[in-house]
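A short write-up of the structure that comes next.
The values are calculated or read from the model by the stated rules, or taken from the named source; none is laboratory data. Predicted model only: the values in this text are computed from it and were never measured. Positions of Cβ are generated from backbone atoms using ideal geometry, with glycine treated the same way; all protein chains shown enter the neighbour counts.
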Amino acid sequence: MKSAVTTVLTVADAAGRFPSMSDIEAVKGSLDRAAARMEAAEKLAAGIDKVTADAVDAVYGKGSYDQANKDKCSRDIHHYLRLINYCLVTGGTGPLDEWGIAGMREVIRVQVLPTAAYIEAFTHIRERVCVPRDMSQQAAAEFKGLLDYLINALA
Amino acid sequence: MLDAFSRAVVSADSKGVPIGTEDLAALRQYVADANKRIDATLAITQNVSCIAADAVAGMVCENTGMTQPGGNCYPTRRMAACLRDGEIILRYVSYALLAGDASVLDDRCLNGLKETYLALGVPLSNAIRAVEIMKIATVAIMTETNTGRKMFEGINSGSGAQCKEIAAEAASYFDRVISALS
């Protein structure tokens, strides 16, 4: 699983050397941002159902749709938000890459899923994040960065 | 390879839930102790050859036959292999310590180590003794309880008592090596 620390250690191990001063600096740099990331992860975990419901409602609007489809949509958004929560904790995009994005294109193509709707949902979430009501400035920046990463992968 | 953070992620994913306040408390502790952890890592990296050489020398002193013809550290080529292995084990312990998780040590160092040593005819009891000495030396340097001069320069160096908990964690990784060889 890719995270700030494991990335550094993989490189060090490939070279067969002990963690160097620059490796340690890299780890420390990531840990300095950890407080903001963990705040975002905590707030997201607490409000994940609400955020999902809000995004799904925004995408579906007032029209009447098949409830089963809507449930599947909210399941998927919930899943992606959970992976973003994991990315916030690890400080890298490992969880999203490995469990969300790898193979995503193939699945979407085979099942003819509307990626535009997902993008719409995550853009909505991105715009709804309110500082300081939801989380602090830095935490919001970390959260939005990962939402952007996911939106780009879906686009 | 996992670290303290990705370990939490893997366990949360198996339950399908996001990581909430409770799990984050332990990780916040890791972040709060980051400077001590870095110091403890530095204590190893700045004294690698000293720790490994002392351990091998200690092992040989206790079994002087090892450097005699027919012994396992004779000739110097085999003694050199022994020193090299000591450094390799120390390197993986330093990785595990920095990551806060033993998976890198398990996957990349200990998996199959005992079988390799058995196949090569390395006496396991002596290897274990060398690891034990490395453990004692490492903990002493980290906590600055070694006799003689201060052995490392770090953020908290000069107040070795601060590294006590991390030193206990480092000792647990050495114990892992010992139990893998036993």
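Against the definition (assigned to a loop (DSSP other than H, G, I, E, B), within 14 Å of chain B (Cβ to nearest Cβ) and at pLDDT below 90), how does A:Gly63 come out, yes or no?
no
Touching a Lys or Arg at 6+ places or on another chain (Cβ under 9 Å), aliphatic (A, V, I, L, M) and touching a residue at least 60 places away in the same chain (Cβ under 8 Å) - does that describe any residue in the range B:79-95?
Yes, the range B:79-95 has at least one match.
Given the conditions (1) buried (at least 18 other Cβ atoms within 10 Å of the Cβ); (2) hydroxyl-bearing (Ser, Thr, Tyr); (3) within 23 Å of A:Gly145 (Cβ to Cβ); (4) away from chain B (no Cβ under 14 Å), and given that A:Ser74 satisfies all but one, which numbered condition is not satisfied?
(3)
Counting only residues that are among the acidic types (Asp, Glu) and buried (at least 16 other Cβ atoms within 10 Å of the Cβ), which one in the range B:20-37 is nearest to the other protein chains (Cβ to nearest Cβ)?
Per the criteria, the residue is B:Asp23.
Would you mind finding the one in B:Met79, B:Met59, B:Met66 that is part of a helix (DSSP H, G or I), farther than 20 Å from B:Ile178 by Cβ and away from every other protein chain (no Cβ under 14 Å)?
From the options B:Met79, B:Met59, B:Met66, the qualifying one is B:Met79.
Mind checking whether some residue in the range A:84-100 is in contact with a helix residue (DSSP H, G or I) (Cβ under 8 Å, 6 or more places away or on another chain), within 9 Å of another protein chain (Cβ to nearest Cβ) and at positive phi?
There is at least one residue in the range A:84-100 that is in contact with a helix residue (DSSP H, G or I) (Cβ under 8 Å, 6 or more places away or on another chain), within 9 Å of another protein chain (Cβ to nearest Cβ) and at positive phi.
Of the residues B:Leu118, B:Leu98, which is surrounded by fewer than 21 Cβ atoms within 10 Å (Cβ to Cβ), out of contact with any Gly (no Cβ under 9 Å at 6 or more places or on another chain) and modelled with pLDDT of 90 or more?
B:Leu118
Output the number of residues of the range A:128-146 satisfying the condition of being touching a Lys or Arg at 6+ places or on another chain (Cβ under 7 Å), surrounded by fewer than 20 Cβ atoms within 10 Å (Cβ to Cβ) and part of a helix (DSSP H, G or I).
Qualifying residue count, the range A:128-146: 1.
Return the residues of the range A:91-116 that are among the hydrophobic types (A, V, I, L, M, F, W, C), assigned to a helix (DSSP H, G or I) and surrounded by 15 or more Cβ atoms within 10 Å (Cβ to Cβ); say none if nothing qualifies.
Once the filter is applied, which keeps residues that are among the hydrophobic types (A, V, I, L, M, F, W, C), assigned to a helix (DSSP H, G or I) and surrounded by 15 or more Cβ atoms within 10 Å (Cβ to Cβ), the range A:91-116 yields A:Leu96, A:Trp99, A:Ile101, A:Met104.
Residues to consider are A:Tyr65, A:Tyr60; find the one that is among the aromatic types (Phe, Trp, Tyr), out of contact with any helix residue (DSSP H, G or I) (no Cβ under 7 Å at 6 or more places or on another chain), surrounded by fewer than 21 Cβ atoms within 10 Å (Cβ to Cβ) and on the phi < 0 side of the Ramachandran plot.
Of A:Tyr65, A:Tyr60, the one residue that is among the aromatic types (Phe, Trp, Tyr), out of contact with any helix residue (DSSP H, G or I) (no Cβ under 7 Å at 6 or more places or on another chain), surrounded by fewer than 21 Cβ atoms within 10 Å (Cβ to Cβ) and on the phi < 0 side of the Ramachandran plot is A:Tyr65.
Could you list all residues from the range B:129-150 that are in contact with a Ser or Thr (Cβ under 9 Å, 6 or more places away or on another chain) and aliphatic (A, V, I, L, M)?
B:Val139, B:Ala140
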